[in-house]
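The values are calculated or read from the model by the stated rules, or taken from the named source; none is laboratory data. Quick caveat, the model's predicted, so the values are computed rather than measured. Because the Cβ atoms are built from the backbone with ideal geometry, glycine has one as well, and the counts that use them run over all protein chains shown.
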């Protein structure tokens with residue numbers, strides 16, 4: 001059953017969730033969850049009953065007595081349009097989470113390698129494509145404390161053909177993540193500007209999908225295709241996948 005301790009643990013592990021939004025969805029008093037986290041109040045049975053489906057929607061597993069509820073959050077950052085902030089979001093969100101004490105792994109799934117290069121890794125000797133196609137362990141480099149990277153470069157560009165031709169190609173990334181995912185609280189995947197099999201592999205391996213958008217009409221073009229692909233993955237392969245949309249405004253200095 002859901003308890004105060006479970007709620008506090010879940011919320012502390014998900015600092016990006018808006019407590020006010022959760023309270024509104026659950027129909028409970030605004031400000032109550034903040035007081036619960038500070039241990040100034042306790043949730044009663046009615047509060048817990050209302051919160052349970054809301055928290056489950058945002059990633060809380062059904063609580064089974066005697067089972068650990070911790071689950072690594074694997075988030076694919078996607079948009080088949082380039083230049084919308086996918087890599088920037090992965091780097092900054094990942095670093096912010098690591099500074100809050102979470103163990104974070106970033107995975108570069110874009111053959112342009114911008115994520116890897118931005119973190120000082122150019123032409124990596126071992127990279128993600130070796131794990132996907134050559135049965136090698138996923139390469140992991142330590143960037144800073146609790147902040148790791150699995151790098152890629154142009155060698156990933158031809159992987160989609162081999163993945164399409166391979167048996168269970170869509171499940172390759174999920175399989176190579178299995179041995180390492182429990183070492184991390186968050187795994188953030190920087191996807192290519194495409195809806196190819198590489199992006200689909202990321203969605204199959206994830207339990208959340210984050211779409212980055214700029215606040216302009218052109219950003220909405222093709223959004224239906226992304227949503228259709230996510231729904232297809234949910235229905236056919238990965239029913240745990242949930243959707244997040246992040247709107248990134250341009251940061252323009254007026255000085």
### Task
Please work out if residue 139 is farther than 22 Å from residue 89 by Cβ, in contact with a strand residue (DSSP E or B) (Cβ under 7 Å, 6 or more places away or on another chain) and free of Cβ contacts under 8 Å to residues at least 40 places away in the same chain.
yes
### Query
farther than 18 Å from residue 206 by Cβ, modelled with pLDDT of 85 or more and exposed (fewer than 14 other Cβ atoms within 10 Å of the Cβ): does that describe residue 62?
no
### Task
Could you list, in sequence order, all residues of the stretch 1-35 that are part of a helix (DSSP H, G or I) and over 28 Å from residue 104 (Cβ atoms)?
24, 26, 32, 35
### Message
Step by step: first the residues of the stretch 177-194, then only those that are part of a helix (DSSP H, G or I) and in contact with a strand residue (DSSP E or B) (Cβ under 9 Å, 6 or more places away or on another chain), then the one that is farthest from residue 206 (Cα to Cα). Which residue is that?
### Response
183
### Query
Just one of 16, 96 is within 30 Å of residue 120 (Cβ to Cβ), within 19 Å of the chain's Cα centre (by Cα) and modelled with pLDDT under 90; which is it?
16
### Task
Kindly check whether there is at least one residue in the stretch 154-174 that is within 17 Å of residue 72 (Cα to Cα), assigned by TED's automatic domain parsing to the domain that holds residue 84 and either free of Cβ contacts under 8 Å to residues at least 60 places away in the same chain or within 20 Å of the chain's Cα centre (by Cα) (or both).
yes
## Note on the structure
Expected single match for under 26 Å from residue 190 (Cβ atoms) and at pLDDT 80 or above among 75, 54 is 75
### Task
Look at residue 84 and say whether it is in the same structural domain as residue 180 (by TED's automatic domain parsing), in contact with a strand residue (DSSP E or B) (Cβ under 8 Å, 6 or more places away or on another chain), surrounded by 21 or more Cβ atoms within 10 Å (Cβ to Cβ) and in a helix (DSSP H, G or I).
no
### Query
Do you know which residues across the stretch 17-50 are in contact (Cβ under 8 Å) with a residue 24 or more places away in the chain and either closer than 25 Å to residue 94 by Cβ or in the same structural domain as residue 93 (by TED's automatic domain parsing) (or both)?
17, 22, 37
